[in-house]
1. Hey, how much of the P(r) for the chain falls beyond 28 Å, as a percent of Cα pairs?
2. With angles folded into 0 to 90 degrees, how steeply does helix 104-128 sit against the dominant principal axis of the chain? Use alpha carbons for both and round to 10.
3. Out of V174, V215, V421, any idea which swings most in a Gaussian network model of the chain, alpha carbons joined below 10 Å?
4. Given a 10 angstrom Cα cut-off, can you work out which residue in P152, P24, P182 is the most mobile in a GNM of the chain?
5. In debye, nearest 20, what is the charge dipole magnitude of the chain about its Cα centre with +1 on Lys and Arg Cβ and -1 on Asp and Glu Cβ, if you could check?
6. Using 0.36 nm per residue of separation minus the Cα-Cα distance, give me the extension gain between D145 and A420 in nm, one decimal.
7. Can you find, among G401, Y377, G326, the residue sitting farthest towards the positive end of the charge dipole of segment 287-429, where Lys and Arg contribute +1 and Asp and Glu -1 at Cβ?
8. So how do 285-297, 223-235 stack up, highest first, on mean other-Cβ count within 10 Å?
Amino acid sequence: MAPGLLGRLAGALLRRPVTLWYDPRYRLPLSGVEGQVGMEPRRADFAAWWLTSSGAVPPGRVRAPSRIPLEELARVHTPRLLESLGRPEGLAGIFGADPGELSTDDLLDTIRLACGGTLEAAREALRTGQPGLNLLGGFHHAAPDAAGGFCPVNDVAVAVAALRAEGFGRRVLVLDLDAHPPDGLAACLRQDPKVFVGSLSGSDWGPLEGVDETVLPEGCGDDTYLGALEALLRRAPYPALAFVIAGGDVLAGDKLGKLGLSLRGARRRDLIVARWLDGVPQVWLPGGGYSRESWRVLAGAGMALALRTLRAIPRGYDPLSTRFSGISAQLSHAELGDTGELTGEDIEEALGLRPARQRLLLGFYTASGLELAMHRYGVFQHLARLGYRDFRVSFDMGGAGERLRLSGTSDGQQHVLVEAVLEKRRCLGRRCSTSTG
Ligand SMILES: [Zn+2]
């Protein structure tokens with residue numbers, strides 16, 4: 001269900017200015033880890049698509065971050081830690097990934113883009129007084145000399161250190177509302193007397209020096225959590241700059257978080273904080289999130305900031321199919337299918353100079369048309385970040401139907417990356433699919 005015209009109009013009239021920091025490369029180039037820990041690999045994409053298509057954030061307020069320079073990371077992190085991130089085994093341990101499947105440069109690019117986004121969002125918030133939402137970041141487990149828990153470096157601490165070096169000396173509040181304790185933040189920021197770190201967690205990892213930490217009971221639910229949040233805000237100093245880690249792992253059903261909030265409870269959390277921080281330069285970050293719903297928490301944080309609303313994102317809204325339908329509508333028949341024109345290969349086949357091949361999939365799609373479609377959908381771009389090149393679509397008859405294969409090369413070897421068996425069906429009624437795979 002796409003946001004309607006009335007919704008977009010109301011959004012335009014009521015919204016507050018929020019800057020969104022986002023890059024499609026925020027999707028981690030890790031194929032194996034996503035499924036194991038329940039991460040939604042496209043969390044940032046989904047939140048960006050929803051927030052811009054619903055009118056909560058106009059496309060003109062979406063900013064592309066730059067990779068943070070290494071010298072900014074070096075203000076917080078030791079040479080030993082930074083050097084370890086250049087090795088596949090170093091990064092693999094942080095993400096629980098197989099070093100063999102890791103594309104180190106691409107993964108580091110993602111992390112450095114996110115850190116760049118957090119720092120640029122903070123600078124812009126200080127300049128304009130308006131909030132920023134960076135769709136990747138809140139790497140709160142990274143300490144100066146130790147990384148872990150999906151956090152290679154600590155973007156918030158790096159941003160604070162950079163701002164301090166640029167002369168910003170006023171009070172900073174870090175509200176860590178991820179479901180896990182901010183051990184890395186505590187280690188990075190304990191030297192700075194003008195930083196207050198307040199945290200609500202669902203796991204007890206022992207005392208954290210310099211952190212106002214409340215550990216809540218497992219499965220505590222919305223009301224207990226929100227009561228503790230109100231109490232934390234009563235203790236917190238009013239800051240000149242705030243970072244909010246609006247963790248998506250507070251939801252019930254999260255694979256790693258134990259708190260048990262509802263989606264509505266997470267939105268109420270964000271509304272309370274957004275109202276409390278009204279007028280304060282602030283940067284919001286997603287932190288963790290290990291369920292398919294975590295993108296709704298992130299998009300919800302944007303709605304709380306921009307619209308101050310409890311309105312839920314419709315249950316039936318499927319960001320991927322909405323996005324792909326839009327791209328599909330822009331692909332013409334001539335681009336995808338057989339135009340009836342003879343190619344040199346057709347003539348060679350007709351003359352028996354080359355073996356006959358299946359020319360069309362489902363009687364319509366050409367291989368080059370399918371390659372173009374996969375490029376437009378962003379499939380090739382993502383596979384390239386996973387280390388594959390030279391993509392090729394081919395098809396043949398495959399038992400139950402027609403078989404489509406997408407192959408690519410990696411380290412000089414060819415791999416089948418996608419294989420789908422499809423058949424064309426004529427359906428009656430509204431729910432009609434033309435193919436199965
Ligand atoms: Zn967490």
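1. 54
2. For helix 104-128, the angle is close to 50 degrees.
3. Maximum among the listed residues: V421.
4. P24
5. Result for the chain is approximately 1720 debye, rounded to the nearest 20.
6. Answer, rounded to one decimal: 94.4 nm.
7. Final value for the positive-end residue is G326.
8. So the peptides 285-297, 223-235, ranked by packing, come out 285-297, 223-235.
Here, each number is a calculation from the coordinates, and none is a lab measurement. Treat the numbers as computed from the prediction; the structure is a model and nothing was measured. Because the Cβ atoms are built from the backbone with ideal geometry, glycine has one as well, and the counts that use them run over all protein chains shown.
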